[in-house]
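Here is the structure we will look at.
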Amino acid sequence: MQGGGDPGGSDGARAGDVAAGATDGVPGRPHRVVVLVDENSNPFELGCATEVFGLHRPELGRDLYDFRLCAAGPRTRMRDGFFTLTGVGDLSAADTADTLIVPNRPDVDVPRRPAVLDAVRRAHARGARLVGLCSGAFTLAEAGVLEGRRATAHWQWADDFRARFPGVHLEPDVLFVDDGDILTSAGSAAALDLGLHLVRRDHGAEVANAVSRRLVFAAHRDGGQRQFVERPVPQTRDTSLAPLLEWAQERLDTPLTVARLAARAAVSPATLHRRFRTQLGTTPLAWLTGERLALACRLIERGGTGFEAVARLSGLGTPANLRLQMQRHTGLTPAAYRARFGPADARAAPIRGRAGARTRPRGAQGHARARGDATTQRRGGQAGASEPGAVTAP
């Protein structure tokens, strides 16, 4: 398999740029993403990174990233000998990365090659953003860059990881952890969740939605969602949440409570909570808060709607609550989010409410929550709640 090419270029973005979710690398090229492939890496995680960061996006009119592969040697045997990777750049490509991705390593008990660990340390020292997919967190921890930091990994490695790296704050029950300049994901498909989270953090919710549609993948699963579902997801019409979710998405600007959602679904509030846990891995309140935030982000990105109207249309209620929720979940104020992701002609607009046309969200598969924060919502977290069970804006 051929890949990569001459790494070229110069040093990547510095710490302040990356931590803020920078979209650009050095002048003259997009933000550079480099995947460091080592012996026995999993082809699936490599494929996830390639799909999210490496494909051309003609529908967007531009390439979002400059994507490269690198390896410690000229021939890299992938997991279980499925194929051998050749023709990629050497480890010097990692020295040009704005984001360096370390994929899965099934042999977690085998120490990584010193050259690989050194490449990770150099990238971290110059401010590159680091991403560990699945057991790639072991490589980051072995390099010493996770000491005192928050991280996750595949749940089956949790006990081993804690025993070997007690200085790392492991969160084994989430899909991914965004700790600013270091991000880690759980196993397998969580790599796609983290990849889309990075696109959303770098380019906004609308672009992340476009990429997710190209991937035919749900636009957003919250980072705090469980890694696995304890029971099979029911498939009958009577228990599916899809009709309720669509109904709620069309009424985000109205007072919605858990009791009202339960009444709409003709179940008790306790049963509704169980179905959300089983089918979505979250709570009604956390889901609804995310949907409202997603709508607010899209309205800001499209422009033409003041913050007061955005707060009202999204159901967040007031500009103060809009600001609180956006800072909590994206790390940006509404004004800063508009400056980064809004239309060019709206970036200098004054911060005041303006009447705007009523904007309804799209269906369930078209939504994404814009989160770029350095915290991960825990399972069943109630971000933005004013009281238990409430899903209305304060």
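The values are calculated or read from the model by the stated rules, or taken from the named source; none is laboratory data. Please read all numbers here as calculations on a predicted model, not as lab measurements. Positions of Cβ are backbone-derived with ideal geometry, glycine not excepted, and every protein chain shown enters the neighbour counts.
Things to note:
- Residue in the stretch 270-280 that is farthest from L244 (Cα to Cα), counting only those that are modelled with pLDDT of 90 or more and buried (at least 17 other Cβ atoms within 10 Å of the Cβ): H273
- Selection within the stretch 282-332: residues that are of a type in the set (G, A, S) and buried (at least 23 other Cβ atoms within 10 Å of the Cβ). The member of this set that is nearest to E206 (Cα to Cα) is A294.
- Selection of the stretch 253-271 for residues being closer than 23 Å to G317 by Cβ and hydrophobic (A, V, I, L, M, F, W, C) yields L256, V258, A259, L261, A262, A263.
- Test set (1) in a helix (DSSP H, G or I); (2) free of Cβ contacts under 8 Å to residues at least 60 places away in the same chain; (3) among the hydrophobic types (A, V, I, L, M, F, W, C) - L194 fails condition number: (2)
- Filtered residues of the stretch 143-160 (kept if over 18 Å from the mean Cα position of the chain (by Cα) and modelled with pLDDT under 95): W155, Q156, W157, A158, D159, D160
- Pairs with Cβ under 6 Å, 6+ apart, first in the stretch 33-61 and touching a residue at least 12 places away in the same chain (Cβ under 8 Å), second in a helix (DSSP H, G or I) and of a type in the set (D, E, K, R): N40/R79; N42/R79
- Only one of the numbered conditions (1) surrounded by fewer than 21 Cβ atoms within 10 Å (Cβ to Cβ); (2) assigned to a strand (DSSP E or B) is violated by R213, and that is (2).
- If you go through the stretch 91-125 and keep only what is closer than 20 Å to F53 by Cβ and surrounded by fewer than 17 Cβ atoms within 10 Å (Cβ to Cβ), you end up with just S92.
- Residue check, G127 among the small types (G, A, S), at pLDDT 95 or above, closer than 28 Å to R328 by Cβ and touching a Lys or Arg at 6+ places or on another chain (Cβ under 8 Å): yes
- Positions within the stretch 39-78 being part of a strand (DSSP E or B) and among the aromatic types (F, W, Y), in sequence order: Y65, F67
- The residue of the stretch 294-322 that is nearest to the chain's Cα centre (by Cα), among those that are within 13 Å of Y337 (Cα to Cα) and among the charged types (D, E, K, R), is R298.
- Test for T76: is it surrounded by 14 or more Cβ atoms within 10 Å (Cβ to Cβ) and either assigned by TED's automatic domain parsing to the domain that holds E206 or under 19 Å from the mean Cα position of the chain (by Cα) (or both): yes
- Meeting the requirement of 3 or more residues that are in contact with a strand residue (DSSP E or B) (Cβ under 7 Å, 6 or more places away or on another chain), touching a residue at least 60 places away in the same chain (Cβ under 8 Å) and not polar (S, T, N, Q), the strands (runs of 3 or more DSSP E) wholly within the stretch 79-175 are 99-102.
- Pairs with Cβ under 9 Å, 6+ apart, first in the stretch 253-277 and acidic (D, E), second crowded, with 20+ Cβ neighbours inside 10 Å: D253/R292; D253/L295; D253/R312; D253/L313; D253/S314; D253/G315
- Test: R379 is at pLDDT below 50, under 23 Å from the mean Cα position of the chain (by Cα) and surrounded by 23 or more Cβ atoms within 10 Å (Cβ to Cβ): no
- Filter pass, E206 being within 15 Å of the chain's Cα centre (by Cα), outside the structural domain of A336 (by TED's automatic domain parsing) and among the acidic types (D, E): yes
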